[in-house]
């Protein structure tokens, strides 16, 4: 249900309809009115919350329209049981509900037609189409937002009026309500009519596609990031946005699903969403030389068929998972990996990807992760000796398959956190769970809640510990700074990128108005960095903390931590970029050697059993670099997984793009030369024939 309130509302709605029938049969006007009010309110609440239940009721023929119809039929039954079957109000009620349902068809047809006509064949962001085609404003939001629900609720006036007539035996109330319902329903339909014709609708598909081609010819994109996937996979393209913004060549992002466009993070890069395969294949992409693919999906074929560009699989993260050695990767001209480890994975998997086609480019996304030179003396604050290291516990979630090796949170989480909060000398604990934790396993959810309680209890105890001192004035100033920054961010977010940027417009308006304000975009980035700094200053560097939500980000937690405990996931691979000590839990109890054999990323980690008895080794490495026996192993593993630090990853990436663009251009020039040579060879065969004809010889024999 999503929450206890939704569960209660669903129960009330389900029980309300039998109560309506009982009240109609008794008959009792007050009871019927009370049950009707409950069903109206519960239905409205569940729709506003987009509850799973109401979305599924239509699958069992109990959808929204049916529920309203049943309530109206039961009202007719109530009138009959009250003895109004021969009264005018009875026939008026029947005529009203028949007419009201007669209005549903044109209303639904108009809403559907408006939405279809305003759906663009190509939706864009940061592309100036407004100067090329006319895109009118969307209809007022109040007309189309939750339109079916609004239309059906217009019957409330008739239902209330008829119940008032039944209670007072005066037909006036009923006919007043009936008139209001029919009049308002008719007005709703009439108000929609202007938006299905004339200048109220966007241009047809051919005009829009021509405008996009015109823009492409002017912009001349050189490197494309292509992506297709489900709404939950938007993070796979979002992780590449900053890299695309830093390209030396002209970037373009091509998406295939509207839901991905809606979930795309803010960017300054031009974005084109082309749902139709035919439309994509007809776009003028003749200037593109390099196409980058973040996922292996079937729709990639629509761009892979273009021979004038080189195609590269860049993926969405290096790991030891099978997805990192997908045989599909054979279709690309090149496969780019972070470091040598990716190359070796393909060699070991033997799936047909040639070693010559693999290029190591590092991981540009890891640039924000800062390196580590040990815990600074006297700067971490709080403890009497000036040293209070921070350890981040960032477990992954339980997954769908129930594998005990997926997460440490169930079998080891409490043991890990208990040992960390009880450590002596003390450490500060940051607990940042995966956002999906507990969504599948009730056991994982319960363990998570116990860990949260454990961290909060330890934090309360530390607040009374005389060894830790707090600079109240500095914290108050930081909190005031946080409030100022959040207010400004809220103001900037409210402005949006035109109507399309703040979600108030439809797809056509978003395409027209979705031009990024670069200055605003840069200010938001600066403010987020300032927010992060102020956040960590707003509480003591010795204070334990549970960190949930999107902010602060995981990489921000990396940067304020001196060590991390986690599970097998991309979190570990990313943390390795910091060079800091880390531990990984062998929750499935494979044993240290087998665990390291199966998972490259743990070869320089402290391996924990579910008892977490080995945590002492990690803490010793944090407190005293001389005790850090895995330091050199971490350096070697970092180089193996992520490539060298110099040149920077973005420099390596840009070099790879430039080199591949040269290969594409060389291929294209070669093709043009061969075509020209073929035309030249064919020319002598035609010229003599023309000369013979000109000489008057008989060439018809």
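Please treat every number below as a calculation from the coordinates, not as lab data. In this text, all values refer to a predicted model and were calculated from it rather than measured experimentally. Neighbour counts are summed over all protein chains in view; Cβ atoms, including those assigned to glycine, are modelled from backbone coordinates with ideal geometry.
Side notes on the structure shown:
- A Förster distance of 22 Å, applied to the separation of the beta-carbon atoms of residue 284 and residue 667, puts the FRET efficiency at 0.70.
- Convex hull (Cα only) mean projected area of region 409-539, reported in nm² to one decimal: 11.6
- Fraction in percent of alpha-carbon pairs per bin - 5 Å, region 399-486: 3, 11, 19, 16, 14, 13, 12, 8, 4, 1
- For the chain, the relative contact order works out to 13 percent when only alpha carbon pairs closer than 8 Å and six or more residues apart are counted.
- Under the criterion of Cα pairs below 8 Å and six or more residues apart, the relative contact order for region 220-366 equals 21 percent.
- Here the calculated FRET efficiency for residue 373 and residue 648, from their Cβ-Cβ distance with R0 = 25 Å, stands at 0.85, rounded to the nearest 0.05.
- Remark: spin-label model distance residue 484-residue 348 equals 5.3 nm, labels positioned 7 Å along the Cα→Cβ axis.
- Inter-centroid distance (Cα atoms) of region 255-312 relative to region 633-660, Å: 26
- Computed lengthening from residue 117 to residue 677, 0.36 nm per intervening residue step minus Cα-Cα distance: 196.7 nm
- The residues 336, 531, when put in order of fewest to most other Cβ atoms within 10 Å, stand as 531, 336.
- Once the chain from residue 609 to residue 475 is taken as fully extended at 0.36 nm per residue, the excess over their C-alpha distance is 44.4 nm.
- Taking a point 7 Å from the Cα of residue 56 along the Cα-to-Cβ direction, none of the residues of region 438-481 has its backbone N closer than 11 Å to it.
- Cα gyration tensor shape for the chain, rounded if a/c is under 1.5, else prolate or oblate: oblate
- The label-point distance for residue 37 and residue 330, in a model that sets each label 7 Å from Cα toward Cβ, rounds to 7.0 nm.
- With all pairs of different C-alpha atoms in the average, the Kirkwood value for the hydrodynamic radius of region 264-369 is 15.2 Å.
- A straight line joining the Cα centroids of region 224-240 and region 13-89 runs 44 Å.
- Residue order, fewest to most surrounding Cβ atoms within 10 angstrom, among 78, 209, 489: 489, 209, 78
- Nearest-0.05 FRET efficiency for residue 101 and residue 25, computed from C-beta distance (R0 35 Å): 0.90
- Radius of gyration and maximum dimension Dmax of region 45-165, Cα, Å: 19.9, 67
- From least to most packed, judged by other beta carbons within 10 angstrom and beginning with the fewest, 575, 313, 539 follow the order 539, 313, 575.
- The ratio of the alpha-carbon radius of gyration of region 538-584 to the globular-protein estimate 2.2 N^0.38 Å is 1.18.
- Euclidean distance between Cα centres, region 206-222 to region 536-615, Å: 47
- Summed over qualifying helices (DSSP H, 4 residues or more, each -39500 (n - 2.57)) and divided by its residue number, the chain shows a 222 nm mean residue ellipticity of -16500 deg cm²/dmol.
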